[in-house]
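Just below is one structure, and these are the notes that go with it.
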Protein chains: 2
Amino acid sequence: MAADSPGIAFLLSQLGAHAATQFGARVEELGLTPPLVGVLRMISVRPGLSQQQLAGELGLLPSKVVAFVDDLERRGLVTRTRGTRDRRVQHLALTAEGTELLGEALEVAARHEDAFCLALTPEERAQLQALLEHLARSHELTPGAHGHRRMR
Amino acid sequence: MAADSPGIAFLLSQLGAHAATQFGARVEELGLTPPLVGVLRMISVRPGLSQQQLAGELGLLPSKVVAFVDDLERRGLVTRTRGTRDRRVQHLALTAEGTELLGEALEVAARHEDAFCLALTPEERAQLQALLEHLARSHELTPGAHGHRRMR
DNA sequence: TATTGTTATACTCTATAACTATA
DNA sequence: TATAGTTATAGAGTATAACAATA
């Protein structure tokens, strides 16, 4: 049974794709993409981290990190600083503009969240949030990263 | 607020991506991909439909449908039949093997569903299903198609 | 010799548009 | 002229591996 009516797994992947697409459209107005927002957020939370650490935390390829940071640096949103102890590493930090833009992106995210859940009552919303967190924990999904994890 | 703790939209896109990836890995053993399962299912539900209709229902590009059907036909899972009234259209149908394989894929989907929701009690599972259906309806997502919808 | 970041390349995926055969 | 299906091509995105600087 449970084969013809959608099922939770299918609904999740359908709703999740929809949520991601919609969020992407919303942050596009800031010149950002969902992964770039994740990068900014991670640098904000752990300023001074290296590109390797960033790649590890977010499950990104190092070469992809280079491209992202190139972009963000060119736009004056993040800075690269060579390590003094180990001159191979690049320490990342947000500029004032980067912090400002991340703030706007987080506001967009909050408005996106509200708009997406508009059909739910506050009680349903809290219920759904709890169930999803439960499910995410059971699959050992970390709150930070997503979508970028490579496999095989 | 609601910016630092994940939020429903983010959890959905994270869990949804995870569910889709896992399902993809599971049907890979049958030589299928999630979109191919969707194609088989649609042909099963509406046998004799044309490639254009299939593209319309699933939100696929016509050229993509050609590639999919080429693949499935070569493997003896579906048949193409020229229309008699209008000889431009190709009517699609499942072979016995196609029906058989779709059945196996749906079993895999059911087992995937159970495994994915293992951490939930039957009550939580029913609750979550209802909430997700509610949310999906509010976003006017059709039960059939997903992930393939093109935009802009 | 190993590691950080970088560059170059190859590979897949997708979308667009040209083409044919029918209408 | 318009449409169904097909083919060819170009573009984006992603992964792999070669490379330079430093350890």
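Got the B:Thr121 label distances to the other copies yet, label 7 Å along Cα→Cβ, in nm, shortest first?
Label-point separations across copies, in nm and ascending: 2.1.
About its Cα centre, how strong a charge dipole does segment A:20-138 have in debye, to the nearest 20, once Lys and Arg get +1 and Asp and Glu get -1 at the Cβ?
Numbers: 14 positive and 16 negative charges, 160 e Å.
Here segment A:20-138 has a charge dipole of around 760 debye.
What is the distance in Å between the Cα centroid of segment A:80-119 and that of segment B:50-93?
Answer, in whole Å: 46.
If we count other beta carbons within 10 Å of each Cβ, what is the order of B:Glu133, B:Glu28, fewest first?
On the way: B:Glu133 17, B:Glu28 12.
Starting with the residue having the fewest Cβ neighbours, the order is B:Glu28, B:Glu133.
Mind checking the mean number of beta-carbon atoms from other chains within 10 Å of the Cβ atoms in B:118-124?
On the way: counts 3, 6, 5, 0, 0, 0, 5.
Across the residues of B:118-124, the mean count of other-chain Cβ atoms within 10 Å is 3.
As I understand it, the dipole of chain A uses +1 on the Cβ of Lys and Arg and -1 on the Cβ of Asp and Glu, about the Cα centre. Which of A:Leu32, A:Gln22, A:Phe10 lies farthest toward its positive end?
So the residue furthest toward the plus end is A:Leu32.
Please compute, over every Cα-Cα pair in the protein assembly as shown, the percentage with a separation greater than 35 angstrom. All intermediate terms of the calculation are to be shown ahead of the outcome.
Working: 14326 of 46056 pairs.
Percentage above 35 Å: 31.
With label points built 7 Å along Cα→Cβ from the Cα atoms of B:Glu100 and B:Arg82, find their separation and express it in nm.
Inter-label distance under the simple model: 3.0 nm.
What order do you get for B:Leu131, B:Leu106 when you list them from fewest to most C-beta neighbours inside 10 Å?
Numbers: B:Leu131 20, B:Leu106 17.
Listing B:Leu131, B:Leu106 from fewest to most nearby Cβ atoms yields B:Leu106, B:Leu131.
Work out the P(r) tail for segment B:1-116: percent of alpha carbon pairs separated by more than 21 Å, whole number. Walk me through the numbers before you get to the answer.
Working: 3085 of 6670 pairs.
Beyond 21 Å sits 46 percent of the P(r) for segment B:1-116.
Since every read-out is calculated from the coordinates, none of them should be taken as a lab result. Computed from a prediction, not measured in an experiment: that's the story for all the values here. Glycine gets a Cβ as well: all are built from the backbone with ideal geometry, and neighbour counts include every protein chain shown.
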